[in-house]
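The values are calculated or read from the model by the stated rules, or taken from the named source; none is laboratory data. As the structure is a prediction and not an experimental result, all values here were calculated from the model. Cβ placement follows ideal geometry from the backbone for every residue including glycine, while neighbour counts extend to all protein chains displayed.
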Amino acid sequence: RYYVEDNPEIPDAEYDRLMRELLEIEAQHPDLVTVDSPSQRVGGKPLSEFSQVTHEVPMLSLDNAFDDSELDSFHKRAQDRIGGESIKQYCCEPKLDGLAVSLLYENGILVQAATRGDGTTGENITENVRTINAIPLKLRGDDWPARLEVRGEVFMPKAGFEKLNELARQKGEKVFVNPRNAAAGSLRQLDSRITASRPLSFYAYSVGVVQGADLAASHYERFLQIKSWGLPMCPETKRVDSLADVKTYYQDILQRRDALPYEIDGVVIKIDDIAVQERLGFVARAPR
């Protein structure tokens, strides 16, 4: 709650004192350390290399529409493929310019995190992801599936990026070219303590593996479910009722792009009805 809601229940000094006390106890009793302990936020011993992770459900890339006519064509193709039924709602969100990751929770505990890689195989970055304060080590509540894979984007907010580069300049070190490179470079460190020192954040955008419970039949309502379990979603995410509303949403985000606290490289548009998504399937590398 301290990080996800930016609403600390205790002062920073008291939090730091309790963290020091926890670290001392865990140093004396290593058998008491759990994977969801707050101590995992500070990073651990460097790795020699990243191991590989095979995605149980492929992490596909996205197809592009560059203008209204291409968006109209997508809408028509989708309706034709489902027998001419009307597509009633879309879910729209900014396309964050960061690094796609997969988070696997088992019985509410974060047990694995991986990069997208080539969509089939990625790198195991669990130790690094545990240091990102926006990502819960343990889900809230108790109504989550026994196995739940949440996908999203790790990114570096503009303010954090500027501060990181300013510190680098003061030290005479090399600066990062843009927030995406900074996020990717920070997340792929073999030393998780370096990752812990970087101002990374995370927004969820979809789910992969789900076992042990059913999720909502709406993409947007699934967002609300995973948000209730402590995973942040982009506050600009919106469900709209028509293709015209999709275009209005896009123009609004385009006009406000420079004022957003993070870099984006477009808008993602998804059919809200999960059953329709599944009927449409996917082409070689992307959802239809």
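Here is a list: E93, E56, E127. Which entry is within 18 Å of the chain's Cα centre (by Cα), charged (D, E, K, R) and modelled with pLDDT of 95 or more? Please lay out each step first, then the result.
Values: E56 fails: modelled with pLDDT of 95 or more; E127 fails: modelled with pLDDT of 95 or more.
Result: E93 is the single residue among E93, E56, E127 that is within 18 Å of the chain's Cα centre (by Cα), charged (D, E, K, R) and modelled with pLDDT of 95 or more.
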Which of the residues spanning region 242-284 are surrounded by 14 or more Cβ atoms within 10 Å (Cβ to Cβ), among the charged types (D, E, K, R) and within 19 Å of the chain's Cα centre (by Cα)?
E263, K270, D272
Residue among I87, I135 that alone is closer than 30 Å to V240 by Cβ, buried (at least 18 other Cβ atoms within 10 Å of the Cβ) and β-branched (V, I, T):
I135
Just one of S206, S218, S197 is hydroxyl-bearing (S, T, Y), under 18 Å from the mean Cα position of the chain (by Cα) and in the same structural domain as Q112 (by TED's automatic domain parsing); which is it?
S206
Of all residues in region 68-91, count the ones that are part of a helix (DSSP H, G or I) and either outside the structural domain of L243 (by TED's automatic domain parsing) or acidic (D, E) (or both).
4
